[in-house]
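This report concerns only the one structure given below.
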Number of protein chains: 2
Amino acid sequence: MSDPVTMRQIAERAQVSIGTVSHVINGTARVRTKLRMRVQEAIRSLGFQPSALAQGLRLNRTKMLGMIIPDITNPFFPGVVRGAEDVAFRNSYRLVLCNTDNEPAKEALYVAELRSFRAAGLLIIPAAGSDLRAELSSGTPATQPVVCVDRCPEGWTGDAVVVDNEEGAYQAAKHLIRSGHRHLAVITGPALLANAIERLNGFKRALREARLSIASEFVQEAAFDTRSGYQAAKRLLRMLPRPTAIFACNDLMALGVLHALHELDLRCPEDVSLVGFDNLEVCEYTNPALTSVYQSGYQMGAAAAGLLLERIKGLQDAPRHIALETELKLRKSVMSIANFDKIPSKKPRRRSKANREAVLAD
Amino acid sequence: MSDPVTMRQIAERAQVSIGTVSHVINGTARVRTKLRMRVQEAIRSLGFQPSALAQGLRLNRTKMLGMIIPDITNPFFPGVVRGAEDVAFRNSYRLVLCNTDNEPAKEALYVAELRSFRAAGLLIIPAAGSDLRAELSSGTPATQPVVCVDRCPEGWTGDAVVVDNEEGAYQAAKHLIRSGHRHLAVITGPALLANAIERLNGFKRALREARLSIASEFVQEAAFDTRSGYQAAKRLLRMLPRPTAIFACNDLMALGVLHALHELDLRCPEDVSLVGFDNLEVCEYTNPALTSVYQSGYQMGAAAAGLLLERIKGLQDAPRHIALETELKLRKSVMSIANFDKIPSKKPRRRSKANREAVLAD
DNA sequence: TTGTAGGCGTTATCAT
DNA sequence: ATGATAACGCCTACAA
């Protein structure tokens with residue numbers, strides 16, 4: 001009574017063979033109405049639920065997708081996961097969530113395990129410096145499709161869903177330049193991460209186009225988190241001449257910059273302008289509200305899961321590299337230098353006088 | 001060559017029986033050194049990984065934990081999930097993540113599925129208004145342990161790990177009262193949610209102790225999200241006399257209040273003070289930084305997973321109800337009314353003059 | 001149309 | 001100490 005009901009019990013109750021039960025469940029052969037009714041009744045009254053384990057063993061695949069990410073606690077990733085889960089759910093697939101903390105070893109462990117579990121496919125945001133290809137081809141050649149999300153490991157040639165990082169960063173830098181800034185600094189992410197590199201490239205392209213040069217100490221590497229962003233900002237803000245604008249390659253680091261600014265009693269945007277990347281919800285609530293490059297984690301996750309499911313269903317064409325669009329969201333953290341004294345103060349800000357003084361003193 | 005290697009292949013390669021292979025893998029019988037070496041060599045060279053599916057089928061349980069939550073996109077939950085995953089991982093368990101969107105039907109579906117998957121146990125943050133007990137006892141009596149996290153459905157008598165919501169809210173209200181506020185308003189969460197009710201109770205207890213009464217329209221119900229918090233704040237801030245302080249029963253709603261305040265050109269904390277609950281990271285970066293009741297989602301998830309694993313290992317004693325502590329984190333969103341003109345301005349704030357004027361005009 | 005039986009990869013029992 | 005063998009619950013030829 002405490003054990004789950006099996007097809008055998010259904011068969012007994014309905015006075016048919018176990019094969020017949022299977023047939024009515026899977027519609028794999030036509031069964032006389034009378035028997036079918038009996039089976040269905042038995043299923044209902046006994047509360048039968050097929051064992052996903054047995055099915056998986058028999059069919060050599062499950063309805064599970066492995067989702068491997070660095071850390072669900074990083075506010076950019078929940079959206080990705082949710083997007084993936086939603087499309088997985090709609091297709092009767094489930095997600096097993098794996099946090100790697102950017103440790104390639106943990107990633108490799110998870111990959112191996114998910115394969116031995118016959119996950120139908122893998123969605124992976126690779127760890128910094130991971131050699132995904134090696135992990136995948138180790139042991140037996142992959143039978144499960146894999147799509148990379150958010151960033152690709154070096155030399156990845158398989159499916160991927162990312163965002164146009166280069167263009168997003170380019171727009172951010174261009175905005176700063178158009179606002180009159182000439183002393184731009186950038187806080188990049190880990191040099192091992194494809195998306196960090198792309199963003200840096202986009203940033204540099206904008207400078208090049210504007211015939212602006214950048215001192216090497218004005219590009220500081222950090223780890224895509226608040227703490228290291230704060231530290232990088234501290235280094236930057238001590239330099240002379242000080243940069244008048246900083247592009248932080250993600251919002252978490254931008255938050256760190258804000259913190260450093262505050263601590264040094266520098267004002268944003270009057271003393272230094274700031275642009276982030278990701279457009280986290282927190283951007284609306286920071287002081288000042290943070291201008292940032294929007295990217296949709298949700299869409300990324302959803303698109304990746306969609307592609308993965310197509311592969312699972314057998315789609316065979318060439319690997320796809322999908323790059324979603326970004327969009328610069330203007331808020332309050334960038335000040336126009338060229339025209340600072342012509343900016344009409346739309347509604348009288350309480351700090352307007354102080355601000356003007358500060359700017360003039362620059 | 002593309003198929004996973006099984007124990008049978010190991011047995012052949014090592015020239016032993018399949019049973020022997022099983023024995024060396026599981027240490028379930030002592031095997032002569034020579035044979036054992038051969039088997040281990042075969043395992044290594046063929047890259048054997050046991051099929052979790054077959055194991056699960058045979059043993060009638062897997063190393064999977066089901067984690068059912070409302071929405072990973074809500075910034076309080078990732079910490080919970082991460083805490084759970086960390087302790088699960090350390091014990092070789094994995095997490096399958098399920099988002100219910102607070103829909104009892106979706107919750108019921110997931111519960112049933114996870115059981116048919118022979119998940120070893122379930123960690124559940126119940127949906128608002130879910131009848132978990134019914135879901136669990138439907139069909140076959142539960143064989144998998146379940147622990148409720150963050151909040152319990154009505155009448156839940158099983159294991160649970162929550163936070164002392166009543167006390168947390170009490171401290172928040174008391175802080176407001178000690179700061180001289182007499183016109184307090186509260187924005188509560190959904191009346192169906194145990195934690196929302198407890199927080200409201202704590203709030204009311206503080207008022208009672210201070211012999212303060214509260215007009216019924218000063219307690220507004222919202223949905224624990226920013227939008228509804230914003231709307232509730234709008235209602236509140238239109239009333240006359242206006243509350244001088246608002247306790248928002250979570251930080252998301254507090255964010256909504258901040259937004260409403262800004263829109264109505266009211267200042268926080270000069271015009272209205274605000275306390276939130278959760279102490280999300282965003283509290284540090286809002287304008288002004290938000291005073292909030294800290295609770296550790298991570299600890300909650302970790303404790304819940306720990307308890308669940310004990311149950312899985314067979315722990316049999318009475319159901320536990322673990323309530324973690326909260327702690328009020330003071331920031332800048334509360335102003336002391338009684339002593340407003342005596343507050344020393346520690347370091348000269350740029351807005352201090354304006355602030356003082358505003359307060360005097362109150 | 002329906003039933004029988006083999007096998008998916010393990011673990012565990014029982015002989016040997 | 002080791003090997004054969006029977007399940008676990010399901011799917012699917014193939015036979016009837």
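Read-outs throughout are calculated quantities, based only on the coordinates presented, and are distinct from any laboratory measurement. Quick caveat: nothing in here was measured; it's all calculated off a predicted structure. Cβ coordinates were reconstructed from backbone atoms using ideal geometry, including for glycine residues, and neighbour counts include every protein chain displayed.
The table for this structure:
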| read-out | value |
| --- | --- |
| Debye, to nearest 20: dipole size of segment A:1-142, +1 on Lys, Arg Cβ, -1 on Asp, Glu Cβ | 1240 |
| Violating pairs (Cα-Cα greater than 19 angstrom) within the set B:Lys63/B:Lys106; A:Lys174/A:Lys234; B:Lys204/B:Lys234; A:Lys63/B:Lys63; A:Lys329/B:Lys234 | B:Lys63/B:Lys106; A:Lys174/A:Lys234; B:Lys204/B:Lys234; A:Lys329/B:Lys234 |
| Label distances, nm, A:Ser216 versus same residue in remaining copies, Cβ-directed 7 Å point | 7.3 |
| Extreme residue, positive dipole direction of chain A, given options A:Met67, A:Ser45, A:Pro241 (C-beta unit charges) | A:Ser45 |
| Options A:Tyr285, B:Asn91, A:Gln171, ranked by Cα towards positive dipole end of the protein assembly as shown, top entry (Cβ charges) | B:Asn91 |
| Surface/4 estimate of mean projected area, convex hull on alpha-carbon atoms of the protein assembly as shown, nm² | 37.6 |
| Peptide A:102-114, shielding by other chains (average Cβ, 10 Å cutoff) | 1 |
| Copies compared at B:Asp71 - label distances in nm, ascending, label defined 7 Å from Cα in the Cβ direction | 2.5 |
| Shielding by other protein chains, A:315-328, mean Cβ within 10 Å | 0 |
| Ordering of A:57-63, B:215-221 by packing [mean C-beta count within 10 Å, highest first] | A:57-63, B:215-221 |
| Fraction of antiparallel bridges per DSSP, chain B only, in percent to nearest 5 | 10 |
| Inter-centroid distance (Cα atoms) of segment B:254-269 relative to segment A:229-290, Å | 23 |
| Cβ-based exposure ranking for A:Glu270, B:Glu107, in which fewest neighbours within 10 Å come first | A:Glu270, B:Glu107 |
| Helix B:104-116 axis, angle to chain B major axis (alpha carbon atoms, nearest 10°) | 20 |
| Relative contact order for segment B:7-50, counting Cα pairs under 8 Å that sit 6 or more residues apart, in percent | 43 |
| Expected 222 nm ellipticity per residue - DSSP helices of 4 or more, -39500 (n - 2.57), all of chain B, to 500 | -13000 deg cm²/dmol |
| Residue order, fewest to most beta carbons within 10 Å, for A:Thr33, A:Thr244 | A:Thr33, A:Thr244 |
| Residue with peak Gaussian network fluctuation, chain A [Cα springs, cutoff 10 Å], from A:Ala128, A:Ala88, A:Ala11 | A:Ala11 |
| Signed unit charges on C-beta, dipole axis of chain B, positive-most listed residue B:Ala105, B:Ala14, B:Ala210 | B:Ala14 |
| Dipole moment magnitude, nearest 20 debye, the protein assembly as shown about Cα centre, only Lys, Arg, Asp, Glu C-beta charged | 400 |
| DSSP bridge pairs, the protein assembly as shown: antiparallel proportion in percent, nearest 5 | 10 |
| Ranking of B:Ile124, A:Ile43 by count of other Cβ atoms within 10 Å, fewest first | A:Ile43, B:Ile124 |
| Distances in nm from B:Glu263 to the matching label points in the other copies, shortest first (labels 7 Å along Cα to Cβ) | 3.6 |
